[in-house]
Each structure stands twice: as C-alpha cells, then as structure tokens.
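One structure below.
The values are calculated or read from the model by the stated rules, or taken from the named source; none is laboratory data. Keep in mind the model is a prediction, meaning the values are calculated, not measured. Please note that ligands, DNA and RNA were not included when accessible areas were found on the heavy atoms of the full protein model with its side chains. Shrake-Rupley method; radii C 1.70, N 1.55, O 1.52, S 1.80 Å.
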Amino acid sequence: MSTRGVNFLDRWMAEHLPNAVTDDPAAICDLVGQVLRAAKREGIDRDEINEEVDSVFEVIFCAMQHREASRAEGDESDKTAKGALDLLAGRLVRETGITHEQAEELIKQIGTDWDALLQEAYFLE
C-alpha cells in the first residue's frame, strides 16, 4: 500500500484548510471536491487516498473541528464525524426526496462528492 495519497492529503490540508471551525456538510463537501481535484491534477487517483483513509470527508471534518482548542479527543470526534455524515444524508433527503436509508447507502457507495450524490439520488427518484 502506498502512502503517497495520504501524504498528499496531509500536505493539502495543511496548506488549504481555512482557519475556521465549521460543521456545515456542504462546506466540507466543497473542500473534499477541492482536494480530490487537486490530487487528480497531481496524478494521484482518489483510490490512492482511499487506501489509507476510510473517508476524506471525515478526515477533513475532524480536522476542521480540531481547529477549536477546547475540542475533546477520541470518541467525541468519531461521533461528530458520524453526525456530519448524518447531516449530509439529511440534506440529500430534503433536496432530492429519496429516503434516509437510500441517502446513507449512496454516501457509503459514492463518498461525499455532493455533485455525484445529487446525480445518483435524482437517478433513484
């Protein structure tokens, strides 16, 4: 397994993440899209990053949450990331009319690329 993808992700986040705390799933999705496009320009396939991290969305979400100094470590981060994915699923449900279960399944299959999620959700509908 190569670490090139995760090294790129770490470097990109250090250079490009805003100095603000956010839990807005749409903003996180935007950042995910930016990092994946940047990786593609560098010749790094999304799969190289996904070999090393379960979810780019969760990594960026947790990084954005840890910008707040008082943030607790450990299980709280995992709960917060899962909550963000739940918010993303909820937004997908509201905007497309699919069920929450369908939204969760799409996120598991596709990831957090908002445009791809919308396209697939409209296809289901």
Region 93-118 versus region 21-62: alpha-carbon centroid distance in Å | 17
For residue 50 and residue 116 in one chain, what is 0.36 nm times their gap in residues minus the Cα-Cα distance, to one decimal in nm?
-> 22.1 nm
So how exposed is residue 3, as accessible area in Å² (1.4 Å probe, rounded to 10)?
-> 70
At 1.4 Å probe size, with no ligands or nucleic acids counted, give the accessible surface of residue 113 in Å², nearest ten.
-> 50
